[in-house]
Amino acid sequence: MDVKKIFIFILPLIFMNISCEYCDDAKLSKIIKQEIERYPEQRLVDIYKTFFQGFFGPAHLIRDANSAKEYIGREIAEANEFEDYDFHELPPNGKYVRVNLRLIKEGKISLEDFTEAFVKSAKPVSDEDIEEWKKIWPRVLAEIEKQKHDFSNFEEDKKYINSLLAENKYVVHHSKEFNSKYPSHYRIVSSEKLHK
């Protein structure tokens, strides 16, 4: 598979931050501030989603390669608006990247090559992964609360996330507010799979 078209965009970003597995408080605070500035009208569930995508990758999304390819193809065909980024390196450590599906629509990446990288990015989620995430999220949440950003429905979202984690679940969807404001047509791909 030739995924050089993907690599040329993303490799410099990956190697800048990949060494930081879980950053110190100052770095984490800066990352959260950047995420809030990127999406000022998001809710807590949306920033939570960004961080859990950075931790778990696309594991919860992929059933098989053919259905993934068909679903992505349909989404691209129906989408009229896209965000302005090509790649969004996910916090806190750049192990996973949001790839804007606009790159496929514009022919910069083939659907076949992209689907292959996307499917190879998935890995099974273990109970140990979920337990580790349940330790990480409170730290992220504490940094978010320090910044006192005025998220709508903050307490409601906080309780919802805590209830999910109490049941060893972790997946949330973007809020209605996020989806109406930001045309989020993307998929998560492992930075490791992008440069293999």
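All of the numbers you see were taken from the coordinates with simple rules; none came from a lab. Only a predicted model underlies this, so the values are computations on that prediction, with no experimental measurement involved. Cβ atoms come from the backbone with ideal geometry, glycine included; neighbour counts cover every protein chain shown.
Computed from backbone phi, the HN-Hα couplings of segment 117-122 come to 5, 4, 5, 5, 6, 6 Hz, rounded to whole numbers (Karplus: 6.51 cos²θ - 1.76 cosθ + 1.60, θ = phi - 60°; Gly and Pro given as x).
The chymotrypsin sites (Phe, Trp or Tyr not before Pro) of segment 122-173 include none that DSSP puts in a loop with a beta carbon having at most 11 other beta carbons within 10 Å.
Counting only aspartates and glutamates at least 8 places from Lys176 when in the same chain, those with an alpha carbon closer than 14 Å to its own are Glu41, Asp46, Asp157. Counting 0.36 nm for each residue step from Phe154 to Ala26 and taking away their Cα separation leaves a gain of 43.8 nm. Of interest is the spacing of the C-alpha centroids, which for segment 48-90 and segment 131-154 amounts to 23 Å. Note on segment 122-166: lysine pairs with Cα distance below 19 Å, sequence gap of 8 or more or different chains, count 10. Under 5 Å from the amide H of Arg187 lie the amide H atoms of Val99, Leu101, each residue being 5 or more positions distant or on a separate chain, with H modelled from the backbone and absent for Pro and chain starts. The gain in end-to-end length when the Glu37 to Ser180 segment is fully stretched comes to 49.8 nm, 0.36 nm per residue minus the alpha carbon separation.
When the chymotrypsin sites (Phe, Trp or Tyr not before Pro) in segment 47-101 are filtered for DSSP coil states and for at most 14 other beta-carbon atoms within 10 Å of their beta-carbon, the remaining sites are Tyr85. If you take the square roots of the eigenvalues of the alpha-carbon gyration tensor of segment 99-196 and sort them as a ≥ b ≥ c, do you get rounded (a/c under 1.5), prolate (a/b over b/c) or oblate? Because a/c hits 1.5 or more and a/b fails to exceed b/c, segment 99-196 counts as oblate.
What net charge do the residues around Val189 carry, taking every other residue with its C-beta under 9 Å from that of Val189, with Lys and Arg at +1 and Asp and Glu at -1?
For residues surrounding Val189, the net value is +4.
Taking a straight line from the alpha carbon of Lys105, these lysines sit under 19 Å away, with near neighbours fewer than eight places off in the same chain left out: Lys4, Lys5, Lys69.
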